[in-house]
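Quick notes on the structure that follows.
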Amino acid sequence: MTTMQSATAWRIGILLGLLGGPLARADERDELLAKADASVREAARRVEDDPSRPVFHVVPPAQWTNDPNGPLFFDGAYHLFYQHNPYGDRWGHMHWGHVRSQDLAHWEHLPIALWPSKAKGEEHVFSGCAVIDRNGKPMLFYTSIGDRLPEQWAAVPEDDGLIKWKKHPANPILTEALHGGVKIHEWRDPFSFHEQGRTYMVLGGNLNGSKGGEAVVTVYRAEDDGLTRWAYLGVLFRHPDAGVKNIECPNFFRIGEKWVLIVSQGMPVQYFVGSLDPEAMRFRAERRGVLDGGDVYAPNGMEDPKGRRLLWGWVNGYQGGRGWQHCLTLPRVLSLGPDGLLVQEPAPELQSLRGEHRVEEAVKLGETPHVLDRVRGNTLEILAEFERGDAESFGLEVLRSADGKRAVSIGLDGKSLEVAGTKAPLELRPDEALRLHVFLDRSVLEVYANGRLCITRVVQHEADDLGVAAFARGGAATLKGLDSWTLGSIWPERRRPGR
Ligand code: FRU
């Protein structure tokens, strides 16, 4: 189509859209999505050889991403969406990008799923969730941003592959009118759950214009099977810290007898474990913790057919765009530990990405770092166990230069774990070994320690800095054993393990 023709079609589209014609809406969608996908494809050519792009973390083909959105399992496949700017490597023009996987390890990029419907006044399609309705049909809910108050909108698929979506005719589905005059500021990021046969939704925001002390999660109940009519049930949770100004992207779900609420109130993201009064729909927090001590924000999760609670986060530590910016964490499986706190483990399906395997025997660590000559690379999985001895600190160095002058350190000092300069509390019980599960993916370092702490960092390295060493400082420690694997790509076109 020539520019003139497309400009004319565009104007006609807007006109018909304003008149509300169904044909106009489909046309606008197809045209806007074709333009957005073409923009990403064009940018993808420029970034595919960037050696810092992760290969086994979900990242768009190019351009900007932030929050993971609406994960769901449907018709034999995992679907994951993400906040996406197809037009640049900075935040803006929010759409929903889309990836799909049969096995939770290998993924394929699909066309952009959701777009701002300009003809209906939308500027951004913000974060949200997926719900399977009573007829087994998926529905996406998201916050619609335009030149008006935020509204919660829905979209439904046109095919079983969930490739093409259309905006729900009943939009807006939830508006602030539901709150009966109570103003909820920054009202956004729907997340849905089921309880006692009913479907509920939580949303984040605050009650006092982000002045602090009134950050809340509000709760709603679906009143019809089509999930188009909702009742406001009040405040599910008010953040206990006076300094917290707002809550984004709440996730609320059950694990066993307990309920878990994850809130993005700033970094690090926090979670609360407690109980739910289902009559009053009020959550009582009993324990709290930090989800990831590093560069992770706005996580989003789902329950899968195996009954597992899966979670992805937004890895947001990249400095400046380079035709792409940011990626998602690995899929994590959540459970509750004996202390009632969250346990996070990388999904076991990731083992299918493993290539070359190396095993290191036990070694006593002292004065100088012990270089593991056979373990090298920047796409690695490492499982290592340490006995702490009397060392002041001990752990691993990755991305180490041959002379040891440059390295990224993962070390425990007795009270906290430090990963690439970021610390989070981790105290071992007497006689407890340090168990590190490390995923190094070029510029992303995702570290799981003893199931109860995650720190994800964005790191940089020189091309030849690919060494790995174990160290103890200020005393002795023992590396009890180490397994490492090169990991392959999650994308079909690059399945080879290694660099
Ligand atoms: C969190 C967030 C959400 C919002 C989205 C917009 O990172 O600010 O609250 O829906 O990002 O991209």
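The values are calculated or read from the model by the stated rules, or taken from the named source; none is laboratory data. Keep in mind it's a predicted model, so treat the numbers as computed, not measured. Note that we place each Cβ from the backbone using ideal geometry, even for glycine, and neighbour counts take in every protein chain shown. Surface accessibility is based on the protein's heavy atoms, side chains included, excluding ligands, DNA and RNA. Shrake-Rupley method; radii C 1.70, N 1.55, O 1.52, S 1.80 Å.
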Quiz prompt | Packing-based ranking, highest mean first, of 354-363, 312-321 given that Cβ atoms within 10 Å are counted | solution = 312-321, 354-363
Self-check item: With every protein chain in place, the chain: carbon and sulfur % of accessible area (1.4 Å)
Solution: 50 percent
Exercise. Rank-order 30-36, 465-471 by packing density, defined as the average count of other C-beta atoms within 10 Å over each peptide's residues, highest first.
Key: 465-471, 30-36
Self-check item: Nonlocal Lys pairs with alpha-carbon distance under 26 Å, the stretch 114-253 (8 or more apart, or different chains)
Solution: 14
Exercise. For the stretch 183-335, evaluate the Debye formula with one uniform point scatterer on each Cα (no solvent term) and list log10 I(q)/I(0) at q = 0.21 Å⁻¹, rounded to two decimals.
Key: -1.44
Quiz prompt | Solvent-free Debye scattering, log10 I(q)/I(0), computed from the Cα coordinates of the stretch 259-351 at q = 0.12, 0.13, 0.20, 0.26 Å⁻¹ | solution = -0.44, -0.51, -1.05, -1.41
Quiz prompt | Kirkwood Rh (inverse of mean 1/r, distinct Cα pairs), the stretch 173-218, angstrom | solution = 11.6 Å
Exercise. Give the accessible surface of the stretch 296-370 per residue, rounded to a whole number of Å², with probe radius 1.4 Å and ligands, DNA and RNA excluded.
Key: 42 Å²
Quiz item: Which peptide among 82-90, 384-392 comes first, and what is the full order, when sorted by highest mean count of other Cβ atoms within 10 Å?
Solution: 82-90, 384-392
Self-check item: Zone of E48's modelled label, taken as backbone nitrogen in the stretch 55-94 under 20 Å from a point 7 Å along Cα→Cβ
Solution: 55-65, 86-89
Quiz item: Roughly how many Å² of W107 are accessible to a 1.4 Å probe, to the nearest 10?
Solution: 10 Å²
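Just to be sure I follow: if Rg is taken over the C-alpha atoms of the stretch 329-434 and Rh is the Kirkwood radius over the same atoms, what is Rg/Rh?
On the Cα set of the stretch 329-434, Rg over Rh gives 0.96.
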Quiz item: In square angstrom, rounded to the nearest 10, how much accessible surface does D483 have for a 1.4 Å probe?
Solution: 50 Å²
Quiz prompt | Cα-based helix-to-principal-axis angle, 22-47 vs the chain, degrees rounded to 10 | solution = 20 degrees
Practice problem: Determine the calculated [θ] at 222 nm for the chain from helices alone, applying -39500 (n - 2.57) to every DSSP H run no shorter than 4 residues and normalising by the residue count; nearest 500 deg cm²/dmol. | Solution: -3000 deg cm²/dmol
Quiz item: When ligands, DNA and RNA are left out and all protein chains stay put, how many square angstrom of accessible area per residue does the stretch 15-141 have with a 1.4 Å probe?
Solution: 37 Å²
Quiz item: Dividing the Cα convex hull volume of the stretch 405-499 by residue count, how many Å³ per residue is that?
Solution: 123 Å³
Quiz item: Which value in Å is the Kirkwood Rh of the stretch 322-387 over different Cα pairs?
Solution: 15.8 Å
Exercise. Could I get the Rg over Rh figure for the chain? Both from C-alpha atoms, Rh via Kirkwood, rounded to two places.
Key: 0.99
Exercise. Compute the acute angle (0 to 90°) between the alpha-carbon long axis of helix 3-19 and the principal axis of greatest extent of the alpha-carbon atoms of the chain; round to the nearest 10°.
Key: 70 degrees
